[in-house]
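**Q** For reference, the structure I am asking about is given below.
The values are calculated or read from the model by the stated rules, or taken from the named source; none is laboratory data. The structure displayed is predicted, hence computed values, not measured ones. FYI the Cβ positions are ideal-geometry reconstructions off the backbone, even for glycines, and counts take in every protein chain you see. The area values use the complete protein model at the heavy-atom level, side chains included, leaving out ligands, DNA and RNA. Shrake-Rupley method; radii C 1.70, N 1.55, O 1.52, S 1.80 Å.
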Amino acid sequence: MASDREDLLDQLTEFIQERLLSDPDAQRIEPDTPLLEWGILTSINTAQLLTHIRDELGTNVPPTELTGTNFQNLNSITDLLLSLRAPVS
């Protein structure tokens with residue numbers, strides 16, 4: 001499960017680094033970088049991220065999960081996606 005988390009975190013980091021940062025070479029985001037506070041996740045960028053998560057990662061994020069807590073950094077987004085993927089017993 002740890003490798004799944006690391007893979008997911010890497011995929012999310014790569015997407016945000018390459019697609020959502022105005023100058024990807026100027027700043028490197030870390031798993032705990034405050035994405036909302038730093039203005040990285042604007043409404044448009046969040047929509048692009050959600051599309052990527054749905055289309056490329058195969059996970060649909062319900063509107064009830066679109067909270068600041070769930071999208072505050074890469075760690076919280078990764079944890080959210082893993083919880084959404086978990087089989088319901």
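**Q** How large is the Kirkwood hydrodynamic radius of region 3-83, in angstrom, based on all distinct alpha carbon pairs? Can you show the working numbers first?
**A** On the way: mean 1/r = 0.0792 Å⁻¹.
Result for region 3-83 stands at 12.6 Å.
**Q** Report the residue, chosen from 21, 74, 12, that carries the largest GNM mean-square fluctuation when the chain is represented by alpha-carbon nodes joined by springs under 10 Å.
**A** With Cα springs under 10 Å in the chain, the top fluctuation among 21, 74, 12 is at 21.
**Q** Kindly report the accessible area of the chain per residue (heavy atoms of protein chains, probe 1.4 Å, no ligands, DNA or RNA), in Å². The partial results should precede the final answer.
**A** On the way: 5560 Å² over 89 residues.
About 62 Å² of surface per residue is accessible.
**Q** Could you pull out every residue, at least 5 positions away or on a different chain, whose amide H is within less than 5 Å of the one on residue 59? Hs are placed 1.01 Å off N in the peptide plane, and Pro or chain starts have none.
**A** Under 5 Å from the amide H of residue 59 lie the amide H atoms of 54, each far enough along the sequence or on another chain.
**Q** For a quick check of your reading of the filter: which trypsin sites (Lys or Arg not before Pro) in region 1-50 sit in a DSSP loop and have no more than 12 other Cβ atoms within 10 Å? Let's see the in-between values first.
**A** Working: sites: 5, 19, 28; in loops: 28.
Here the sparse-neighbourhood loop sites are 28.
**Q** Between residue 55 and residue 7, what is 0.36 nm times their sequence separation minus the Cα-Cα distance? Round to one decimal in nm.
**A** Numbers: separation 48, 0.36 × 48 = 17.28 nm, distance 1.64 nm.
Taking residue 55 through residue 7 to full extension adds about 15.6 nm, to one decimal.
**Q** If you average the sequence gap of Cα pairs under 8 Å that are 6 or more apart and divide by the length of the chain, what percent do you get for the contact order? Please list the in-between numbers first.
**A** On the way: 62 pairs, mean separation 31.2, N = 89.
Averaging sequence separation for qualifying contacts and normalising by length gives 35 percent for the chain.
**Q** In whole percent, how big is the carbon plus sulfur part of the accessible area of the chain, probe 1.4 Å, protein atoms only?
**A** Details: 2630 of 5560 Å².
That fraction is 47 percent.
**Q** While we're here: Which angle from 0 to 90°, rounded to the nearest 10, does the C-alpha axis of helix 2-15 make with the longest principal axis of the chain?
**A** The answer is roughly 40 degrees.
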